[in-house]
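Below is one structure; the comments refer to it alone.
Please treat every number below as a calculation from the coordinates, not as lab data. All of these numbers come straight from a predicted model, not from anything done at the bench. Virtual Cβ from ideal backbone geometry, glycine too; neighbours counted across all protein chains shown.
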Amino acid sequence: MSKKIQWVSIVFTLVLIGWSYYQINSYKSEMQALKKDKVELEQELQNMESQAQYILTQANQKEVELTHETWPKYFEIAEVMVEESEGKFLRPWAIYLVKEAKTYGIDPFIVYELLKIETGNSFDPELVGPETKYGHAYGMAQFMKNTAPWIADMADIPYKDELLFDPYYAIKLSLVYIDYLYDQYDNWDETLTAYHRGMAGLEQYKLKNGHANSQYATRIQKNAQKYKEFVAYAP
């Protein structure tokens with residue numbers, strides 16, 4: 001009888017140890033999840049603050065007007081894009097891009113080369129990207145539906161999913177997003193890599209590689225550099 005009691009005691013102790021071990025692991029998992037949630041919330045708060053700051057800095061942005069002095073140069077730059085794309089990037093899109101890029105002080109060929117890469121050189125405004133764990137990317141600028149709405153908020157323009165297929169809307173969002181990212185990082189490697197991978201993806205890329213000089217960023221800058229003679233257009 002005493003041996004039976006002894007075995008029961010041993011079994012009970014083992015069960016208690018196993019249960020305690022399970023509870024400790026559960027608590028560890030919960031703590032890790034809470035830490036992750038805290039980091040994500042802090043990042044979200046930081047993003048909201050940076051977006052608000054960006055909106056404030058854009059409040060006094062001046063609209064660029066096409067005049068008899070600026071029009072010829074804008075048209076010349078736009079024609080380069082049309083010819084380089086073999087007509088795939090339509091002239092009205094090109095003129096709009098050049099004018100809006102001037103408003104943000106961005107080299108229009110940076111944006112043009114970005115759009116070229118994003119669409120696989122097709123400049124298809126109705127493009128739907130391949131499925132990822134985050135969903136699809138849409139339109140000429142390949143925005144995802146979890147990113148585009150808050151960029152539209154910063155641009156102070158309405159958002160609807162179908163607008164992502166509007167080439168002018170896509171160009172506008174791409175400019176605002178690029179301008180916002182450059183405002184955060186103050187260099188093109190980080191700006192373009194963040195556009196391609198997302199801001200969190202940029203940080204992961206830098207941790208892995210020790211820099212932000214991705215192939216995507218390098219290619220865009222290198223191609224845009226070919227047209228540097230055109231970018232010093234009149235104000």
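Under the rule a/c < 1.5 gives rounded, and otherwise a/b versus b/c splits prolate from oblate, where does segment 167-214 land using the Cα gyration tensor?
Cα axes put segment 167-214 in the prolate bin.
Go ahead and run the numbers for FRET between K226 and D183, Cβ-Cβ distance against an R0 of 30 Å, rounding to 0.05.
0.70
What's the local net charge at P108, with K and R +1, D and E -1, over the other residues with C-beta under 10 Å away?
-1
Grab the Cα-Cα distance for T67 and L90, subtract it from 0.36 nm times how many residues apart they are, and report the gain in nm with one decimal.
6.1 nm
Quickly work out the K133-to-I24 label distance, labels modelled 7 Å from Cα along the C-beta direction, and quote it in nm with one decimal.
Modelled inter-label distance: 3.0 nm.
So, counting K/R as plus one and D/E as minus one, what does the shell of residues with Cβ under 10 Å around A152 add up to?
Neighbourhood net charge equals 0.
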